[in-house]
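> Before anything else, here's the structure in question.
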Amino acid sequence: MTTADVDQEQLQVDIGGMTCSSCAARIEKRLNRMDGVTAAVNYATEQARVTYPPGVTPDELIAQIEAAGYTASLPRSTSPSERPSDDDSDTRSDMRSVRALRDRLLVSTLLTVPVVLLAMVSALQFRNWQWLSLMLAAPVVVWGALPFHRAAWTNLRHAAATMDTLISVGVIAAFAWSLYALFIGDAGLPNMTMSFNLTPDRGGGQHDIYLEVASAVTVFILAGRYFEARAKRRSGAALRALLELGAKDVGVLRDGQEVRIPIEALSVGDQFVARPGEKIATDGIVEDGTSAIDASLLTGESVPVEVGPGDAVVGATVNAGGRLVVRATRVGAETQLAQMARLVTEAQMGKAPIQRLADRVSAIFVPIVIALAVATLGFWIGAGEPTSFAFTAAVAVLIIACPCALGLATPTALLVGTGRGAQLGILIKGPEVLESTQRVDTIVLDKTGTVTTGRMTLVAVHPAADTTDDDVLRIAGALEDASEHPIGQAIARAAAERFGTLPIVTAFENRRGLGVQGTVDDHAVVAGQDRLLVDAGIPVPRELLDARSAAEDVGHTAILVGWDRLPRGVVVVADTVKPTARDAIAELRALGLHVMLLTGDNERAANSVATEIGIDDVIARVLPEDKLAVIRRLQDEGHIVAMVGDGVNDAAALAQADLGLAMGTGTDVAIEASDLTLVREDLRSAADAIRLSRRTLQTIKGNLFWAFAYNIAALPLAAAGYLNPLIAGAAMAFSSVFVVSNSLRLRRFRASNSSRDGSSN
């Protein structure tokens, strides 16, 4: 990376006035002409992501966009805690725009329906009916189609052409011909009649009028815009819901008193209170109290998580149980919620490689269509057909060819797919990731923290003769409570959960590499390896050694316990396999993936875990740098590799893999190096992430196919004179609505591991 790359700054700009993908292409091209500036403009989200050097200012970027005839502004912060309490002005503005579009559509429809009926049904054509049609159609053409005319005029002033140019020219041409036929031709004569045909009338003359075409096309396009605007709002609903999850105020402790303050005033290190039913204000560590945390709104996980002192909690989750006192560790833009929102926003702003072809086509499409319409007019006039027929075919070409569906094909699917992923705790970093998920054939899983819980847990207690397992766990737990070792803490935690308050340990001593010893309830207790017990004069019977060996054979850790010079039992702990890991492996295999386990543990522990979850391919005793080498070797063998991990030692392998998936419970380094972040601990979310990514890519491809196929099939029909402009307008509007509606189907995607979301779809 060069110094210039490091100094580059990135900015997100809200853009107004775009009506099709050609507008986005114009703005993008204009910004990219600036020295050192790289811009990507997204028509669906109406935003631009701009990377620019220090010598360029945001005001200059905005000026360039405005010079192209559009509005531009810097967006408000996407960090939930930094958003002002009344920051719903953007939402209200969007709703006003949609309502204004709806009102324009309704008025235009009321005026257009009689015009179309009079033109299509000869029996309704009374004396001078055509003049009533003119009175009704004129407001639709002038006022109803005003947004198209205004945009076309702006484009003309900048020597450009967009979809609005095609619509405006088509509507004005149809209306102008009608005026000519009424005032100069024979169409204005009393008792004039006409009939409606699905195809243009080759025998028509100057008595034909196209008022129904001018007004109906306007209504169809307005209807398409209206439903498109509503659908775009729905497609962005997931991100808006994510941003609104955060708490608005919080009760902090000041000198032992609870004081209510705005969430923006909360600082790292503050102690705040989370009462039952309240949202956790920000990320932090529980210092007092126990409760169950409902994270379903943030992660999609329906099962509440029990927390107590020392446990981490995440902002925007709901305290479903008792009162908690939490110390804030991250606030504002650093919280997990803010980072999720930022990742989703950045992903929605990106462009999948498959979209670039559509962008290139849209950029040159409108001028080509205008040229084709002129050529169609000239050809049919030259072929001796009536001018009205040639004119009708040319207007049909203009109207049918609008490239709106092409521009919406990718961004709307990406908008809905990434938003749905955020609701399910799956964060897709960018559209390029979608291509990788389609090609992956091998998935490599780290063991600790990915397949297993990453935390030592009590597995079993084997008491010696004349001793109960309760006695062994109680005494050993009290002794280990003074230890900081993860194994000792696991034993102490299990004892505390079973017995509550534990006895006090005195004369505690840590025998490095061997175990611990101390006095509990006047008993001289030792816990650790057999050598420690022998040094204390405690013989270890065969049955306890056999229990230890059996535990170690399956990769568990066994601690021998004795007191008062007698062997008392064996306590077994282990990093246990996640309950849903086996189901996750089955789901990954169902996706056609070869699953491998990669771990730094010994072969015995690795094979034990692999057998339990159903993995046959295991690579053990792998150092962090060797994990990277394994991924490279698989790639050299021709495999497209996905890697799932959670630790710092997984970061290099995650970055090297064709698709990196980081467990959200892992380190920031691992998450930064990955392509997909899985917020939930459940490994089944890896399969859900791949399924959702593949489904999103399939939707994009389907949208593009139908958008291309529609234009490829419809343009020749229109140019050949087989398409009435009225039908062309309806078909064009339907194509855009179809693409957006098809994308919205992604909202119904169901995670296979969420009872709240139902069955997999």
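The values are calculated or read from the model by the stated rules, or taken from the named source; none is laboratory data. Quantities reported herein were computed from a predicted structural model and do not represent experimental measurements. FYI the Cβ positions are ideal-geometry reconstructions off the backbone, even for glycines, and counts take in every protein chain you see. These accessible areas exclude ligands, DNA and RNA; they are computed on the full protein's heavy atoms, side chains included. Shrake-Rupley method; radii C 1.70, N 1.55, O 1.52, S 1.80 Å.
> Return the pairs, sorted by first residue and then second, in which the second residue is open to solvent by 50 Å² or more (accessible area, probe 1.4 Å) and in a loop (DSSP other than H, G, I, E, B), the first residue lies in region 264-289 and is within 14 Å of residue 315 (Cα to Cα) and of a type outside the set (A, V, I, L, M, F, W, C), the beta carbons are less than 6 Å apart, and the residues are 6+ apart or on different chains.
275/323
> Which members of region 246-260 meet the condition of being exposed (fewer than 15 other Cβ atoms within 10 Å of the Cβ) and in a strand (DSSP E or B)? Break it down stepwise before answering.
So in region 246-260, the residues exposed (fewer than 15 other Cβ atoms within 10 Å of the Cβ) come out as 248-249, 254-260.
Matches in region 246-260: 249, 254, 257, 258, 259, 260.
> Yes or no: region 283-303 includes at least one residue that is over 25 Å from residue 749 (Cα atoms), in a loop (DSSP other than H, G, I, E, B), open to solvent by less than 50 Å² (accessible area, probe 1.4 Å) and modelled with pLDDT under 85.
no
> Looking only at helices (runs of 4 or more DSSP H) that fall completely inside region 1-88, which ones have 3 or more residues that are at pLDDT below 90 and within 23 Å of residue 409 (Cβ to Cβ)? Let's see the steps before the verdict.
Details: elements: 3-7, 21-32, 58-67.
Result: 21-32.
> Somewhere in region 342-350, is a residue at pLDDT 65 or above, under 30 Å from residue 738 (Cβ atoms) and polar (S, T, N, Q)?
no
> Turning to a different aspect of this structure: Could you list, in sequence order, all residues of region 657-678 that are out of contact with any Lys or Arg (no Cβ under 8 Å at 6 or more places or on another chain), at pLDDT 60 or above, surrounded by 24 or more Cβ atoms within 10 Å (Cβ to Cβ) and not in a strand (DSSP E or B)?
Answer for region 657-678, where residues must be out of contact with any Lys or Arg (no Cβ under 8 Å at 6 or more places or on another chain), at pLDDT 60 or above, surrounded by 24 or more Cβ atoms within 10 Å (Cβ to Cβ) and not in a strand (DSSP E or B): just 657.
> Here's a check for you: in region 381-418, which residue that is modelled with pLDDT of 80 or more and in contact with a Gly (Cβ under 7 Å, 6 or more places away or on another chain) is most open to solvent (accessible area, probe 1.4 Å)?
In this case the residue turns out to be 386.
> Does residue 160 satisfy the condition of being closer than 30 Å to residue 16 by Cβ, open to solvent by less than 30 Å² (accessible area, probe 1.4 Å) and assigned to a loop (DSSP other than H, G, I, E, B)?
Numbers: closer than 30 Å to residue 16 by Cβ: yes; open to solvent by less than 30 Å² (accessible area, probe 1.4 Å): yes; assigned to a loop (DSSP other than H, G, I, E, B): yes.
Spelling it out, residue 160 is indeed closer than 30 Å to residue 16 by Cβ, open to solvent by less than 30 Å² (accessible area, probe 1.4 Å) and assigned to a loop (DSSP other than H, G, I, E, B).
> Filter region 146-157 down to the residues that are within 35 Å of the chain's Cα centre (by Cα) and in contact (Cβ under 8 Å) with a residue 60 or more places away in the chain, then identify the one that is most open to solvent (accessible area, probe 1.4 Å).
Restricting to residues being within 35 Å of the chain's Cα centre (by Cα) and in contact (Cβ under 8 Å) with a residue 60 or more places away in the chain, the top hit is 147.
> Which condition does residue 569 not pass, out of (1) surrounded by fewer than 23 Cβ atoms within 10 Å (Cβ to Cβ); (2) touching a residue at least 60 places away in the same chain (Cβ under 8 Å); (3) at positive phi, if it passes all the others?
Unmet for residue 569, out of (1) surrounded by fewer than 23 Cβ atoms within 10 Å (Cβ to Cβ); (2) touching a residue at least 60 places away in the same chain (Cβ under 8 Å); (3) at positive phi: (1).
> What number goes with the only condition from (1) open to solvent by less than 50 Å² (accessible area, probe 1.4 Å); (2) in contact (Cβ under 8 Å) with a residue 24 or more places away in the chain; (3) more than 30 Å from residue 524 (Cα to Cα); (4) not acidic (Asp, Glu) that residue 618 does not pass?
(2)
> Let me ask something additional. Return yes when residue 331 is over 24 Å from residue 225 (Cβ atoms), crowded, with 18+ Cβ neighbours inside 10 Å and modelled with pLDDT of 80 or more and no when it is not. Quick ask: steps written out before the conclusion?
Details: over 24 Å from residue 225 (Cβ atoms): yes; crowded, with 18+ Cβ neighbours inside 10 Å: yes; modelled with pLDDT of 80 or more: yes.
Yes: the conditions hold for residue 331.
> Residues in region 166-203 that are at pLDDT 80 or above and either open to solvent by 20 Å² or more (accessible area, probe 1.4 Å) or of a type in the set (Phe, Trp, Tyr) (or both): how many?
15
> Moving on to the next point. What is the one condition in (1) modelled with pLDDT under 80; (2) of a type outside the set (D, E, K, R); (3) surrounded by fewer than 16 Cβ atoms within 10 Å (Cβ to Cβ) that residue 629 does not satisfy?
Evaluating residue 629 over (1) modelled with pLDDT under 80; (2) of a type outside the set (D, E, K, R); (3) surrounded by fewer than 16 Cβ atoms within 10 Å (Cβ to Cβ) leaves (1) as the failure.
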